[in-house]
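Encoded as C-alpha cells, the structure appears first; notes follow it.
The values are calculated or read from the model by the stated rules, or taken from the named source; none is laboratory data. Everything numeric here is computed off the predicted structure, so don't read it as measured data. Ideal geometry is used to build each Cβ from the backbone, glycine not excepted, and the neighbour counts take in all protein chains shown.
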Amino acid sequence: MTHRSQTGQGPDTSVPGPAPWNNPHIRSIVFQAVAFAGLVYFFYTIFDNTLTNMERRGITTGFGFLNNEAGFGILMSLIPYDETNTYGRTFFVGLLNTLLVSGLGIFFATILGFLVGVARLSNNWLISKIATVYVEVLRNIPLLLQILFWYFTVLQALPSTKNSMTLGKDIFFNNRGLYMPAPVFEDGFGFVLLAFVLAIGLIVYWRNWAHRRQNETGRQYPVFWISLCLLVGGPALAYLLAGMPISWEAPSRTRFSFSGGMRVIPELMALLWALTMYTATFIAEIVRAGILSVSHGQTEAARALGLREGQTLRLVVIPQAMRVIIPPLTNQFLNLTKNSSLATAIAYPDLVSVFMGTTLNQTGQAVEIVAMTMGVYLTISLVISTFMNWYNKRIALTER
Amino acid sequence: MLQRMGGYGVIIFREEFKMKKSFRVLTAFAAAALLSSAANASTLDDVRKKGAVTCGVSTGLPGFSLADNKNHWAGLDVDVCRAVAAAVLGDASKVKYTPLTAKERFTALQSGEIDMLSRNTTWTLTRDASLGLNFAGVNYYDGQGFMVSKSLGVKSARELDGAAFCIQAGTTTELNLADYFRENKMKYKPVVFDTSDQSVKGFESGRCDALTSDQSQLYALRIKLSKPENAIVLPEVISKEPLGPVVRQGDDVWFNIVKWSLFAMVNAEGMGITSDNVDKMKSSTNPGIRRLLGVEGDMGKKLGINADWAYQVIKQVGNYSQAFERNVGMGSPLKIARGLNALWSNGGIQYAPPVR
C-alpha cells in the first residue's frame, strides 16, 4: 500500500490484480455462463432428440394440424363453433371454457371465503361453529371426489326433462341443466349501456368529492347508497325512456329437451360449485389468519374513537389484514385455476378435456398439444400472480 | 402418472442419442429419472428378457377386456395378448396388463410403456399413417350404434334430432357421430366422458338421451346397467369399425409375431383345430395342419420364435371361434352373433392368410 502512494499513480491501475482464474468476480461469471450453456444444451438435446426420434418412427410433428378441420362437436362454447371449424379453434373453445369456470370460481370463492372467514371469528356461537364445520369438512375431502359427488350424486338426481322443476313460466331446471330466457337486445339498448357507463363515471366523481369534503370538513356523506341509486336508477330510467329495448327469448320444449334461451349445463354448475366450495374453505382460513394478525389494540382504538363494529372491521381491521391475506390468496387463485382441469372427470369441455383430450386423440400429436396446454396454464398463472403482486404492492403498508 | 411421464422420457431418450461424452453423466442421470421401463429396439428381446408381454387393454369392457376381483383379465382383446404370450413365451398367462383409457392408449404404445395394444381400437388411416403405429389385423369387425332407453320411444337413429349423446373421449365415435348428424342435417349435443364407465353412468342418470359407441361395446355396456332390459340398441350402424391389435412401427419382427398369433387363431378355426383336439391334430396327415402346429416346416423359425408357437396359442387360448363364443358370443352374457365376424367360408369376413 505504501509504495503505491509514493509513486503517485492511481491506486488500482498499476497493481496486477489476481490472475483471472483467481478473480472471484470473473470466476463466478464464467461458472454461471458454463452452467447456463449446459442448461441450454441440455434442453436443446431433449428437443432435438424428441424430434429426431419421432420422425424416425413416422410420428407426425409440427403445428400444421391446428389448421385442419376438427370434425367433432363440443358441448358448450362461448364462441361460435361447429364441426367444420379447425383444431386451432377447439383450442380457443377449451381455453375460454377454462377461463370462464376459473374466473367465476375465483369470484365466488373469494366472496364466500371472506364471509366464512369472518363468520368463524363471529361472537355468535352458532355462526362460528357452522363456519368451522364447513371449513373442516370440505377442505379435508379430495376435490375430485367432491366434483364427482356434486355431478353424479346431486345434479343427476334432478328430475328428467319431462318433469322439469319450473320457476315462473320460462325457467326450467332439470338434469340437463338450467334453462332461462335469453335477453335479446333491440335497437336503443345502446342508451342503457350509455347510462350505465355514465352512472359509473358519476359514482367515481361523487366518491372522490365526498372523500375530499370529508377530509376538509369532517362531514360524511352516504356514498354507498347514492352510488347504488345511480348504478341501478340510471340504466333503469334509460331503459324505460328508450322504450324497453330488451325482449326475452324463452326456452321452448323440444322432443328431447329445450331449445332457445340460455342454458347452464350441469357440468359447469357441478364444477363451479365444487371448486368454489373447496377453495373458499382455504380462503376462509387465510382471511381468518389475516384478521387475527391485526393486533387487538387496533380494534380497541377504533372503538375508542367511536367507530361501529362494521366500520371497525371495514376501515381498520380488513385493510391491515389484507397485507397478510393477499400473498396466500394468490396461491389459492392459482390452485383454483389449475384445479379446474379436473373438469375432464365430468364432461365439462375445458381446455384439458377438449384440446388435450379429444383433439390430442384425433391428431395424435401429444408433444405439441401437451406443450401448448402447459403453456396456457403457465401463462394464466403468471398473469394472476403478476396482478396480485401489483395489488399487494399497492395495499402494502406505506410508512410515512 | 409418473409412469406416463416416463413414457415421454422414453420417446425423448431412446435410440439415437447424439451426445458428447462430457455430458453423458448429466444426461444419463436425467434419463434415469425419466425412464420408467427399459425399452430397446427389439420388442421380442425385451419381452423375452422380461418374461412377459406388456399389453395395453381397456379399463374394463365386458367381453373384450375386463378384470375380475382377483385381477384376472378375460375377454376377446385379452385373448390376443394371451395368444402372443403363448406364441413367444410358451405361456399364455405371462401377460402384464396395463389398463388404459382411450386417450392414453397411443401414447403408452408410442413411448414403449406397453409392447402391444389390444384395446378395441379402430383401424383408421390417420392412426395407421401418422401415429407411428401398425395395425396387426382385425380381431373384431364392428360398427357404431346407438343405445337408448326404451321409455324414450325411439325406433331409429333418424329420430334423434336434438338429442344429447354420452360418448367416451378420444374415440372415432366422436367423429362418426358428428359426420352422421351433419350428413342428415340434424343437431346433437355431445357429452364427452373420460372412461366408458362414466359415460354409462351419465346415460343411466339421464344426462343424455342416447349412448353411442361401437355396437359390441353397447351390448357390453348394456349388461353393466342396473336394468339392462330398459335399454335397447337401435338397428342403425353408422360406421365401419375394424378393431384390432396395434404395435409400434419399425419393429417388423414383433409386428409379424402379433399379426400371425391372431392369424393362427383364425386359421385354426378354419382347419377345425380347437384347444381340445389340438394334441390329436398333431398327428394329422393334413400338411397345412402339420405346418401350423410346427410338426413340419420351420414356420416358428421364420417368425423368430419356437416351432410350436401356434400349438401353444391354440392349446392355451383356443381358436378364434372358441375365443369369440367364450367372451362375446353365445357362451357369454353378451350373446353377440358371429355376423361379420364369421369365417369367410361361413358368410363372414374373418379371413387369415395361409401358413405356408
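Within the stretch A:350-358, is even one residue within 12 Å of chain B (Cβ to nearest Cβ), outside any helix (DSSP H, G or I) and surrounded by 17 or more Cβ atoms within 10 Å (Cβ to Cβ)?
Yes, the conditions are met somewhere in the stretch A:350-358.
List the number of the failed condition for B:Ala231; all other conditions in (1) more than 13 Å from every other protein chain (Cβ to nearest Cβ); (2) within 20 Å of the chain's Cα centre (by Cα); (3) surrounded by fewer than 24 Cβ atoms within 10 Å (Cβ to Cβ) hold.
With (1) more than 13 Å from every other protein chain (Cβ to nearest Cβ); (2) within 20 Å of the chain's Cα centre (by Cα); (3) surrounded by fewer than 24 Cβ atoms within 10 Å (Cβ to Cβ) applied to B:Ala231, the lone miss is (2).
Go through the stretch A:347-366 residue by residue and tally those that are aliphatic (A, V, I, L, M), touching a Leu at 6+ places or on another chain (Cβ under 9 Å) and over 14 Å from A:Ile74 (Cα atoms).
Count: 1.
Looking at the stretch A:57-66, which of its residues are free of Cβ contacts under 8 Å to residues at least 12 places away in the same chain, surrounded by fewer than 17 Cβ atoms within 10 Å (Cβ to Cβ) and part of a loop (DSSP other than H, G, I, E, B)?
A:Gly58, the sole residue that qualifies.
Can you pull out every residue in the stretch B:190-199 that is modelled with pLDDT under 90 and either over 25 Å from B:Trp123 (Cβ atoms) or more than 8 Å from chain A (Cβ to nearest Cβ) (or both)?
B:Thr195, B:Ser196, B:Asp197, B:Gln198, B:Ser199
Residue-by-condition table, conditions (1) outside any helix (DSSP H, G or I); (2) away from chain B (no Cβ under 12 Å); (3) at pLDDT 90 or above:
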| position | (1), (2), (3) |
| --- | --- |
| A:Ile326 | no, yes, yes |
| A:Asn331 | no, yes, yes |
| A:Ala343 | no, no, yes |
| A:Val367 | no, no, no |
| A:Leu378 | no, yes, yes |
| A:Ile384 | no, yes, yes |
| A:Arg400 | yes, yes, no |
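Can you give me the ranges of the helices (runs of 4 or more DSSP H) entirely in the stretch B:260-356 with at least 2 residues that are within 19 Å of the chain's Cα centre (by Cα)?
Answer list for the stretch B:260-356: B:309-316, B:320-327.
I'd like the full set of residues that are more than 13 Å from B:Asn139 (Cβ to Cβ), crowded, with 18+ Cβ neighbours inside 10 Å and either among the charged types (D, E, K, R) or modelled with pLDDT of 95 or more (or both), limited to the stretch B:323-337.
Residue satisfying the conditions is B:Arg326 alone.
Looking only at the stretch A:173-216, which residues are closer than 30 Å to A:Ala250 by Cα and among the β-branched types (Val, Ile, Thr)?
Within the stretch A:173-216, A:Val184, A:Val192, A:Val197 qualify.
Within the stretch A:251-260, is even one residue farther than 30 Å from A:Ala343 by Cα, of a type in the set (A, V, I, L, M, F, W, C) and touching an Asp or Glu at 6+ places or on another chain (Cβ under 8 Å)?
no
Which of the residues that make up the stretch A:178-195 are surrounded by 14 or more Cβ atoms within 10 Å (Cβ to Cβ), under 29 Å from the mean Cα position of the chain (by Cα) and in a helix (DSSP H, G or I)?
Correct list: A:Val192, A:Leu194, A:Ala195.
Could you tell me which residue of the stretch B:69-102 is nearest to B:Ala310 (Cα to Cα), considering only residues that are surrounded by fewer than 21 Cβ atoms within 10 Å (Cβ to Cβ) and charged (D, E, K, R)?
Once the filter is applied, the top-ranked residue is B:Asp91.
Out of all the residues in the stretch B:162-179, is one or more among the charged types (D, E, K, R), in contact with a helix residue (DSSP H, G or I) (Cβ under 7 Å, 6 or more places away or on another chain) and over 30 Å from B:Ala108 (Cβ atoms)?
Among the residues of the stretch B:162-179, not one is among the charged types (D, E, K, R), in contact with a helix residue (DSSP H, G or I) (Cβ under 7 Å, 6 or more places away or on another chain) and over 30 Å from B:Ala108 (Cβ atoms), which makes the answer no.
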